[in-house]
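The values are calculated or read from the model by the stated rules, or taken from the named source; none is laboratory data. Predicted model, so just to flag it, every value in this text is computed and none were measured. Methodologically, a virtual Cβ is constructed for each residue, glycine included, from the backbone with ideal geometry; neighbour enumeration extends over all protein chains shown.
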Amino acid sequence: MDTSDSWLLSRVGARLLAASAGGFAGWWIGNQIGYPATTGMAAAASAVLILSVNDTLKGHRLLDWLRTPEAVPPDLPGMWGEVAHRVQRVVHLKDVRIAEERARLREFLSAIEASPNGVMLLDANDQITWISSAAADHFGLNPQRDLMQRVTNLVRQPAFVQYLAAGDYRDVVKCQVSHGRQTVLQILVRVYGDGLKLVLSQDITERERSDTMRRDFVANVSHEIRTPLTVLNGFIETLGSLPLTEVERKRVITLMMQQSERMQGLVSDLLTLAQIEGSPRPASDRWIKVDTLMARIETDGRGLSRDRHPMTFVTEAGGKHCEIAGIESEWLSAMGNLVSNAVRYTPEGKAIDVRWQTLPDGSAEFSVKDGGIGIAPEHIPRLTERFYRVDGSRSRETGGTGLGLSIVKHVVQRHGGELRITSEAGKGSTFTLSLPAVRSRLV
């Protein structure tokens with residue numbers, strides 16, 4: 001038995017003994033002075049009754065407090081005060097433990113919320129008992145409103161519904177969902193407890209897109225190289241098997257040279273792209289004069305146009321000379337690609353405007369505006385993909401490799417900027433390279 005329990009029992013015994021002793025004393029004194037024995041017994045019974053009534057009232061006060069233990073405990077003397085104190089201590093310890101467990105639960109849920117992967121808990125009837133914000137975003141659910149709803153009533157993608165109903169969760173399932181944008185989810189289900197389910201979801205849209213781009217890249221490279229190689233092999237067989245006149249021979253050799261140059265251009269662009277992607281970000285202490293870059297780009301652009309397009313080249317620097325930080329060859333490649341694309345895709349007689357502009361906040365922009373047929377909105381997000389062409393046959397006829405805009409995008413991103421494309425069908429397109437203030441200065 002606990003020491004405090006022994007003390008409490010001793011207090012109860014002492015009080016009963018005191019009441020009995022008082023009653024006995026009253027009976028004995030009354031006997032000595034001549035009162036009847038019944039009077040002494042009545043006095044003893046009254047003392048015990050008074051004590052019982054007093055304890056009962058204190059007990060009721062204690063019971064009233066126990067019904068609302070969050071209230072202030074009553075100030076009781078003696079034994080009942082000790083009982084109230086012990087109850088209060090037990091309630092306090094319970095509250096501390098509950099608070100600690102709730103804090104651990106909040107930390108655990110916060111850790112889950114910090115994960116980019118979605119977590120959803122289902123009961124044995126596939127009703128949602130908890131869902132993280134990432135999972136709610138993945139499946140288009142509301143974390144509060146959709147609780148205790150059957151998940152298959154809310155998420156109706158056939159692949160997910162069949163996967164959940166099959167009960168074989170050894171493999172993951174992929175499904176496409178659309179909530180403002182097309183998203184590819186990878187979903188894994190694990191069973192725990194008594195038929196409960198843990199649903200893990202991961203957004204693999206970018207991974208799938210990268211895999212698709214990689215497959216397209218290999219297929220496009222193979223196609224781009226196979227075509228000129230087929231032409232070259234055919235001409236070589238022709239030269240070896242058929243007697244040709246001098247004029248025919250020169251024509252065949254000219255066509256062979258064109259196909260060879262096409263393959264060389266393709267390989268060169270592939271090497272440039274690989275070099276740009278695999279190199280660290282250029283230092284910001286190597287400054288290049290914009291006037292020099294614009295002069296070289298103008299020479300190349302006018303030579304490619306051969307006076308077929310009205311072309312303007314303007315540098316706006318507030319009367320000063322502008323410089324940009326980075327690698328000169330990469331900037332020449334990026335800016336030159338935009339100008340050459342404008343020349344290739346702008347009909348003869350339509351204007352091309354090339355402009356360098358220093359903005360008030362110190363940043364800079366290089367823009368090329370053409371007078372071409374424009375680009376439909378659905379093509380613009382994919383223009384910088386390798387080998388992506390709006391009109392493949394026309395691009396090959398003009399000598400494009402399909403890698404120019406991809407090179408431009410990687411160059412400007414490596415220098416901390418961005419490529420913006422605006423276009424309207426029938427009214428031409430504008431390609432703009434935005435450069436941060438840290439990479440531009442006026443001298």
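Within segment 98-136, the set of residues being charged (D, E, K, R) and at pLDDT 90 or above comprises ASP123, ASP126. Taken as a whole, segment 340-363 holds no residue that is over 30 Å from SER222 (Cβ atoms), touching a residue at least 40 places away in the same chain (Cβ under 8 Å), in the same structural domain as GLY428 (by TED's automatic domain parsing) and in a helix (DSSP H, G or I). Annotation for segment 428-436: at least one member residue is at pLDDT 85 or above, more than 18 Å from VAL290 (Cβ to Cβ) and not in a loop (DSSP other than H, G, I, E, B).
Comparison of VAL252, VAL199 shows that the only residue that is closer than 22 Å to GLN264 by Cβ and modelled with pLDDT of 75 or more is VAL252.
Residues in segment 138-180 that are surrounded by fewer than 11 Cβ atoms within 10 Å (Cβ to Cβ) and part of a loop (DSSP other than H, G, I, E, B): GLN144, ARG145, MET148, ARG156, GLY167, ASP168, ARG170, ASP171, GLY180.
Picking from residues in segment 154-180 that are free of Cβ contacts under 8 Å to residues at least 12 places away in the same chain and basic (Lys, Arg), the one that is nearest to MET120 (Cα to Cα) is ARG156.
Within segment 193-230, restricting attention to residues that are closer than 30 Å to TRP130 by Cβ and basic (Lys, Arg), the residue that is surrounded by the fewest Cβ atoms within 10 Å (Cβ to Cβ) is ARG207. Filter segment 190-226 down to residues that are without any contact (Cβ under 8 Å) to a residue 40 or more places away in the chain and β-branched (Val, Ile, Thr) and give me whichever is nearest to SER178 (Cα to Cα). So, considering only residues that are without any contact (Cβ under 8 Å) to a residue 40 or more places away in the chain and β-branched (Val, Ile, Thr), the one nearest to SER178 (Cα to Cα) is THR205. In segment 324-373, of all residues being polar (S, T, N, Q) and under 18 Å from PRO282 (Cβ atoms), the one that is surrounded by the fewest Cβ atoms within 10 Å (Cβ to Cβ) corresponds to SER329. Are any residues in segment 104-125 touching a residue at least 40 places away in the same chain (Cβ under 8 Å) and either part of a helix (DSSP H, G or I) or under 21 Å from VAL191 (Cβ atoms) (or both), and if so, which ones? Selection gives ASN117, GLY118, VAL119, MET120, LEU121, LEU122, ASP123, ALA124.
I need every pair where a residue in segment 126-153 that is within 12 Å of GLU113 (Cα to Cα) has its Cβ under 6 Å from the Cβ of a residue that is at pLDDT 90 or above and polar (S, T, N, Q), sequence separation at least 6 or different chains. Hits for this filter: ALA135/SER201.
Of all the criteria given as (1) free of Cβ contacts under 8 Å to residues at least 40 places away in the same chain; (2) in contact with a Pro (Cβ under 9 Å, 6 or more places away or on another chain); (3) farther than 28 Å from ILE375 by Cα, the one not satisfied by ILE327 is (1). Does GLY265 count as in contact (Cβ under 8 Å) with a residue 40 or more places away in the chain and either buried (at least 16 other Cβ atoms within 10 Å of the Cβ) or closer than 30 Å to GLU330 by Cβ (or both)? For GLY265, the condition - in contact (Cβ under 8 Å) with a residue 40 or more places away in the chain and either buried (at least 16 other Cβ atoms within 10 Å of the Cβ) or closer than 30 Å to GLU330 by Cβ (or both) - is met. Number of residues in segment 273-300 that are touching a His at 6+ places or on another chain (Cβ under 9 Å), part of a helix (DSSP H, G or I) and crowded, with 16+ Cβ neighbours inside 10 Å equals 3. Looking only at residues in segment 89-137 that are surrounded by 15 or more Cβ atoms within 10 Å (Cβ to Cβ) and of a type in the set (D, E, K, R), the one that is nearest to HIS179 (Cα to Cα) is ASP137.
Checking the structure you have, find out if any residue of segment 205-218 is among the β-branched types (Val, Ile, Thr), at pLDDT 80 or above, over 16 Å from VAL119 (Cα atoms) and assigned to a helix (DSSP H, G or I). Yes, segment 205-218 has at least one match.
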